[in-house]
Ligand SMILES: [Fe+2]
């Protein structure tokens, strides 16, 4: 799958239509949630989509972000994940299960087969790409709900009326492919109740929200989020969201359609007892330990994490500006890959694409480390070697590669153009270990190199005392 193919970009056009013409996501989600409520009523399941995954005092779970391109970088992560799944209770894919458009026919190659050795239940929060087929593929596998007859609803204005004919409709599924798909992995047990849901596991509650295509949540989901966040105050909460709240040095509180409240307003409410919020969407790792008010004197810290490096193309970290946001600066910020390694790897990829791998524009990691150390970036403060000095040539190369945009046109097109499919990859996933006293979060780096296939290094680790 190449992001440079016009057909792939055309298939993903619902992103542009939803953002600029009319977004049918909220109405479609309301329909899915109505079906889920109906089923919960009939089966006597929890009316607010709360399931229980492990009643014991200690649990381990895995968080994988932005997975499904079905290529080498996804398979590289699948191998260490399978090792770690042996000692974990469940896993959650934090957004964008299937690229480019979430189709059910793609679940075989991009979900069931890569994860065939992960012997544990996998849940997921949908990302924008999962919504490009109206969430049908996602709902079929994770929630066992189907509604193929549903027609997307657009607004009434002239611009909104343009959206209907342009919108990519639900593709015909191929029974031959779909049949093999469902055989390879059984759906999670207990089943995921709805596109948004909560999992009580050990002493904590994980809350997964559905941020659709644009990142906004609807009013009904907001009321649900408030309820499941406040009705078990004794449980520390961990939010799982498609769109991260802190990312690339910016704060995105998460809008609620038609209201002034935000998702982050719920997360920072001391009564809700959140300790962490994890988002996908951006394909790298970032951590912002943000100081917030109350309830104890001196305040507390909420860990805001981006964890989207689960398989898809890498978003450059060297484009992240020096961090200074809501009490988090470079000394507290963490990312993977380090900016220096991101710059060095992109310089190789760009060199290969533009100069045939002649080394014209490549810069090595120790030199890139010196370059960022001089700029005051935290990435230089690591256990990796840093060059003593930069030659003029290295400085010019670093300046050039650093400036090549990986900006926000379409889906931040720079990083897709330079997608690479050979190691080292700089992928990552999280393992979260919980007991009654503390939560330990480990970010494992995955390079795709044989030496660390079964021993992925810990690139960041932190503890939350309960
Ligand atoms: Fe993504």
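Rule-based calculations on the coordinates, nothing more; no lab input. Everything numeric in this text was worked out from a predicted model, so none of it was measured. FYI the Cβ positions are ideal-geometry reconstructions off the backbone, even for glycines, and counts take in every protein chain you see.
Within region 251-262, the set of residues being in contact with a strand residue (DSSP E or B) (Cβ under 6 Å, 6 or more places away or on another chain) and part of a loop (DSSP other than H, G, I, E, B) comprises 253, 254.
Answer with yes or no whether residue 74 is in a helix (DSSP H, G or I), surrounded by fewer than 20 Cβ atoms within 10 Å (Cβ to Cβ) and either within 16 Å of the ligand (Cβ to nearest atom) or free of Cβ contacts under 8 Å to residues at least 40 places away in the same chain (or both). So residue 74 fails the test.
Tell me, please, whether a residue that is under 16 Å from residue 11 (Cα atoms) and buried (at least 24 other Cβ atoms within 10 Å of the Cβ) can be found in region 79-88. Within region 79-88 (the criterion being under 16 Å from residue 11 (Cα atoms) and buried (at least 24 other Cβ atoms within 10 Å of the Cβ)), the answer is no, since none of the residues qualifies. The lone criterion from (1) touching a strand residue (DSSP E or B) at 6+ places or on another chain (Cβ under 7 Å); (2) on the phi < 0 side of the Ramachandran plot left unmet by residue 352 is number (1).
The set of residues in region 82-103 that are away from the ligand (no atom under 16 Å from the Cβ) and over 24 Å from residue 193 (Cβ atoms) comprises 82, 83, 84, 86, 87. Scoring residue 214 on the criteria (1) away from the ligand (no atom under 16 Å from the Cβ); (2) out of contact with any strand residue (DSSP E or B) (no Cβ under 6 Å at 6 or more places or on another chain) leaves a single failure, condition (1). In region 217-234 there is no residue that is in contact (Cβ under 8 Å) with a residue 60 or more places away in the chain, within 24 Å of residue 62 (Cβ to Cβ), under 22 Å from the mean Cα position of the chain (by Cα) and part of a strand (DSSP E or B).
Of the residues in region 127-141, how many are on the phi > 0 side of the Ramachandran plot and away from the ligand (no atom under 16 Å from the Cβ)? Residues that pass the stated criteria total 1. Of all residues in region 263-278, none are out of contact with any strand residue (DSSP E or B) (no Cβ under 6 Å at 6 or more places or on another chain), at positive phi and in a loop (DSSP other than H, G, I, E, B).
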